[in-house]
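Here the structure comes first, spelled out in structure tokens, and everything after it is commentary.
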Amino acid sequence: MTEDAVPTTLQNHADAAALRPRTQLFIDGGFRDAVSGRRFVTENPATGQPIAEIAEGGPEDIDVAVAVARKAADDGRWSRMSPADRKAILVRWASLIEENGREISLLETIDSGKPIGDTIGIDVPETGNCIRWHAEAIDKLYGQVAPSPEGTVAMVTKEPLGVVGLVIPWNYPIMMAAWKLGPSLATGNTVVIKPASATALSLLRAAELASEAGLPDGVLNVVTGPGSRVGEAIGRHMDIDGVGFTGSTEVGRRFLTYAGESNLKRVALELGGKSPQVVFGDYTDLEGLAANMAFAIFWNMGENCSAGSRLIVHRSAKDRVLEALRAELANWPVGDPLDPATKIGALISKTHLEQVLGYIDIGESEGARVVAGGNRILQETGGYFVPPTVFDNVRPDMRIYREEIFGPVLTVLEFDTEAEAVALANDTEYGLASSVYTNDLNIAHRVAREIKAGTVSVNCYSEGDMTVPFGGYKMSGFSGHDKSAHAHDQYTETKTTWIQVAPRP
Ligand code: NAP
Ligand code: MG
């Protein structure tokens, strides 16, 4: 095999079968069982078969991990290390993740059902890129000297919060962890992180690599276990200074309650979405449009907070746009996530599969019309597969148009005027992402300004790169951003130091 040949499905299965995943809690630089000794099963959603048993942490394990993280925060082993040294460690960590990318992407694929082409081509490289980006920033961010009166010196500086708790979803397991670990570690915090129970394996391996890279013990601690116990214990802990959460709006709300009822810890939330893709009648690149539209809603099986799940298309263009989309679906094969040709793998769980199929039933009973997909397929594999599904004849009051489905389901609606398009785009409780397609610069600028969403992409579907912030308006987020130097704000306190300088004696 030449170095850059893509491994075959057979090779991927053989290598996946040989994996020996880490399955214990990672605390104080080493692996250990949960205090209770309990374990839970993580399965492969493409087969419905168990992969491994993972330590099932509880509140008592959070107490242990927080005590370790507190000690590491207080003695300054990380926050007071020179910025250049901290940078070097995190850069090394990013490189180790990339060097072990094949193993991590295989772990991610069997644990989550995501296609191997995505985990090796997007998730792992983006993880390395994110950690390296924040690492490189460590010795390049300056504080401020305020314009204070003669005889005084005033500095405005950023300090780490101390101990940060992070709670992560299952849809981009290692990448979402990196989006929070990069900035929280770069700003000098120590961390206790909980991955989603369905997808803990990639993070446990990455944590081990952090130690190998030289991250001091106790700085990064991973506690696996159910959200209702471990997640809540993080949210309510009196000795955690801030929480970063990505997940559902419903659970996000709870973190505000947890903080309100405990120590008023800082809370930053990245939540759900129901993002619009607005297509104007003048847009001519239909093939490019179809490729972008399909990526927006079918990438990652539609299990994507920024999925472009509402297509809002000018009446004059609808037929040709749907035709182009139908042709594009040939490029979205569904099947074995370990097959390098697969673009759509398995949904995360049987429960989630049933929810997505439930929404498809609801859509049909509400009077919308399925024009592609619409059923479970490949049932004989034991996996949870749904092909790209498109609903036409959708009305804005339908549940499939209003609620986040988190599956490969696109709803299509028509508009006549620009004002109507904007009103439809904003007719949602969410505000995470959006796309606008037009050849007219005036329309592009007007509409981009009017859409209430954290990200507007024009003539593409994109969240931009690591240099730009990612976060949500309305119920898509609360008080914070991932990516870019904006992500540092939620993990730092702002300190004023006001110094009286005595006059020369
Ligand atoms: P979820 O159910 O909210 O779970 C997210 C995390 O919270 C998991 O680690 C989960 O643990 C934990 N959790 C569950 N119940 C909890 C509780 N009562 N208290 C504390 N923690 C709890 O969401 P999900 O199903 O994993 O992910 C899907 C959602 O995430 C979608 O709504 C999607 O839009 C959103 N999302 C948003 C972004 C963004 O950046 N805005 C990115 C990705 C996903 P267990 O898994 O162990 O139960
Ligand atoms: Mg799993």
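Computed from the coordinates by the stated procedures, all read-outs in this text should not be read as laboratory data. Because the structure is predicted, anything quoted here is derived from the model rather than measured. As a convention, Cβ positions derive from the backbone with ideal geometry for all residues, glycine included, and neighbour counts pool all protein chains shown.
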Note to self: Just to be sure I understand the model, the point goes 7 Å from the Cα along the line to the Cβ. What's the resulting Arg395 to Ala18 distance in nm?
What the structure shows: 5.9
Notebook entry, point to check: Say R0 is 51 Å: what FRET efficiency, to the nearest 0.05, do Glu212 and Glu354 get from their beta-carbon distance?
Noted result: 0.80
Item checked: Approximate spin-label separation Asp63-Ala341, in nm, with each point projected 7 Å along Cα-to-Cβ -> 5.6
Checklist line | Net charge contributed by nearby residues that have their C-beta within less than 14 Å of Phe478 (K/R +1, D/E -1) | finding: 0
Item checked: Amide H contacts of Ile54 (H built 1.01 Å from N, under 5 Å, at least 5 apart or other chain) -> Phe40, Val41, Thr42
Notebook entry, point to check: When ranked by the protection proxy of mean other Cβ atoms within 10 Å per residue, highest first, what sequence do the peptides 199-208, 61-70 form?
Noted result: 199-208, 61-70
Notebook entry, point to check: Pairing the Cα long axis of helix 101-112 with the longest principal axis of the chain, what angle in degrees results, from 0 to 90 and rounded to the nearest 10?
Noted result: 60
Next item on the list: Enumerate the amide H contacts of Val458 below 5 Å, restricted to partners 5 or more residues apart or on another chain; note that Pro and chain-start residues carry no placed amide H.
Entry: Val436
Checklist line | Vicinal HN-Hα couplings computed from phi for the range 328-341 (Karplus, 6.51 cos²θ - 1.76 cosθ + 1.60; Hz; Gly/Pro x) | finding: 5, 4, 4, 8, 10, x, 9, x, 3, x, 8, 7, x, 7
Item checked: Mean Cβ neighbour count within 10 Å, used as a protection proxy, ranking 430-441, 243-254 highest first -> 430-441, 243-254
Notebook entry, point to check: Hey, with R₀ at 51 Å, roughly what FRET efficiency would Arg446 and Asp74 work out to, going by the Cβ-Cβ distance, to 0.05?
Noted result: 0.45
Checklist line | Estimated inter-spin distance, Glu159 and Ile362, nm [label 7 Å along Cα→Cβ] | finding: 4.8
Check: Which pairs, out of Lys265/Lys452; Lys158/Lys180; Lys71/Lys180; Lys180/Lys483; Lys87/Lys265, put more than 19 Å between their alpha-carbon atoms?
Finding: Lys265/Lys452; Lys71/Lys180; Lys87/Lys265
Notebook entry, point to check: From the backbone phi of the range 366-373, what are the Karplus-calculated ³J(HN,Hα) couplings (6.51 cos²θ - 1.76 cosθ + 1.60, θ = phi - 60°) in whole Hz, Gly and Pro given as x?
Noted result: 7, x, 6, 10, 6, 10, 7, x
Next item on the list: Mind checking the range 1-69 for GluC sites (Glu not before Pro) that DSSP puts in a loop (not H, G, I, E or B) and that have at most 13 other Cβ atoms within 10 Å?
Entry: Glu3
Next item on the list: For the range 300-315, just list the computed ³J(HN,Hα) in residue order, Karplus coefficients 6.51, -1.76 and 1.60, θ = phi - 60°, integers in Hz, with x standing in for Gly and Pro.
Entry: 6, 6, x, 7, 8, 4, 9, 3, x, 8, 10, 8, 10, 10, 4, 3
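So, counting K/R as plus one and D/E as minus one, what does the shell of residues with Cβ under 12 Å around Glu43 add up to?
On the way: positive: Lys350; negative: Glu53, Asp111.
Summing Lys/Arg as +1 and Asp/Glu as -1 gives -1.
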Note to self: If R₀ is 41 angstrom, what is the calculated FRET efficiency for the pair Ala423 and Leu378, using the beta carbon separation as r and rounding to 0.05?
What the structure shows: 0.55
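For Tyr142 and Gln500 in the same chain, what is the full-extension length gain: residue separation times 0.36 nm, less their Cα-Cα distance, in nm?
Details: separation 358, 0.36 × 358 = 128.88 nm, distance 2.22 nm.
Roughly 126.7 nm would be gained on extension.
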Check: Against the longest alpha carbon principal axis of the chain, how many degrees, from 0 to 90 and to the nearest 10, is the axis of helix 59-74 turned?
Finding: 50
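If I stretch the segment between Val458 and Ser95 completely, what's the gain in nm (0.36 nm per residue apart, minus their alpha carbon distance), one decimal?
127.4 nm
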Check: So, with +1 on the Cβ of K and R and -1 on the Cβ of D and E, and no other charges, what is the size of the charge dipole of the range 35-95 about its Cα centre, to the nearest 20 debye?
Finding: 440
Note to self: If you average the C-alpha positions of the range 300-356 and of the range 188-220 separately, how far apart do those two centres end up, in angstrom?
What the structure shows: 32
Check: Between Ala485 and Arg253, what length comes free when the chain is fully extended (0.36 nm per residue of separation minus the Cα-Cα distance, one decimal in nm)?
Finding: 81.0 nm
